[in-house]
1. Taking Leu160 as meeting all but one of (1) surrounded by fewer than 16 Cβ atoms within 10 Å (Cβ to Cβ); (2) over 14 Å from the mean Cα position of the chain (by Cα); (3) within 17 Å of Thr43 (Cβ to Cβ), write down the number of the exception.
2. Starting from the stretch 21-37, keep only residues that are within 14 Å of Val49 (Cβ to Cβ) and part of a loop (DSSP other than H, G, I, E, B), then list their pairs with residues that are modelled with pLDDT under 65 and not charged (D, E, K, R) whose Cβ atoms are within a distance under 9 Å, requiring at least 6 positions of separation or different chains.
3. Counting residues that are open to solvent by less than 50 Å² (accessible area, probe 1.4 Å), which helices (runs of 4 or more DSSP H) fully inside the stretch 57-112 reach at least 2?
4. Glu105 versus (1) acidic (Asp, Glu); (2) in contact with a Lys or Arg (Cβ under 8 Å, 6 or more places away or on another chain); (3) in contact (Cβ under 8 Å) with a residue 40 or more places away in the chain: which is the lone unmet condition?
5. Counting just the residues of the stretch 139-157 that are over 18 Å from the mean Cα position of the chain (by Cα) and touching a residue at least 40 places away in the same chain (Cβ under 8 Å), which one comes out most open to solvent (accessible area, probe 1.4 Å)?
6. With the structure loaded, tell me whether Leu132 is at pLDDT 95 or above and open to solvent by 20 Å² or more (accessible area, probe 1.4 Å) or whether it fails that test.
7. Considering only the stretch 124-145, state which residues are of a type in the set (Val, Ile, Thr) and in contact with a Ser or Thr (Cβ under 6 Å, 6 or more places away or on another chain).
8. Please specify each residue of the stretch 180-189 satisfying the condition of being surrounded by 13 or more Cβ atoms within 10 Å (Cβ to Cβ) and either of a type in the set (Lys, Arg) or over 19 Å from Gly128 (Cβ atoms) (or both).
Amino acid sequence: MQRFLVAAFLLQLVLLVTLGGAIGAGPGAFVDKETGIVVKTATPEDTAVSFYALLEKGRWQPAYKLMTKMSRDMISEADMEASVKQVKIVKSRLVKVFPADQKGEFATVGHVRIIQLENQPNEMAIVGIAVLRQNPETRGWEIVRVPNEIESVYKDILDLILKTDEKMSREDFAGENLTKEQLTQIKDQIKAMKEMHEAQKEALNQQ
């Protein structure tokens, strides 16, 4: 009996180590075996963080699985691999993820990454906004990577994007351990993005 209890305890321990990160992590959660990253899709923020965490480690294959079916139908795995390798990022880290703006099955998540490109001495800040869609079957959130998927609802998506722009523009990024140059890059990018999206909104309203 004692031997059985010890075996049962060890089995539990193995399950906790290998699956513990995914248990209770919401729909579609899994652990990437190569990196140990716990991939979560329960919220738009979870998916965005997981997607970029995988790309930071060069794990484009599991990152590819986080995209919507339409995105995967239009972008092959080979295309995904080529796009990741073409940029030639030596290192990357996600330093800020903003709370999602959501309407129905769509959401936008603002984020800031610090990257270093090959043959470039300094790290630079990159601002982005991920568009996500909730899978009606799994209830998990997935990355939208093709414009066709949001073409019919682009006005609504643009409203979400503008909310995210505004949210990011109010952030001072204190405590993020960024250089003055990186802070300037972030502010300039957010300003340019916001102006571009406002122009797009105005153009749509005039149609």
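The values are calculated or read from the model by the stated rules, or taken from the named source; none is laboratory data. Keep in mind that this is a model prediction, so the values were computed, not measured. Positions of Cβ are backbone-derived with ideal geometry, glycine not excepted, and every protein chain shown enters the neighbour counts. We work out accessible area using only protein heavy atoms, side chains counted, and drop any ligands, DNA or RNA first. Shrake-Rupley method; radii C 1.70, N 1.55, O 1.52, S 1.80 Å.
1. (1)
2. What qualifies is Ala29/Gly21; Ala29/Ala22; Ala29/Ile23; Ile37/Gly21.
3. Per the criteria, 60-64, 77-87.
4. Checking Glu105 against (1) acidic (Asp, Glu); (2) in contact with a Lys or Arg (Cβ under 8 Å, 6 or more places away or on another chain); (3) in contact (Cβ under 8 Å) with a residue 40 or more places away in the chain, the one that fails is (3).
5. In this case the residue turns out to be Lys155.
6. No, not satisfied.
7. The answer is Ile129, Val131, Val144.
8. The answer is Lys187, and nothing else.
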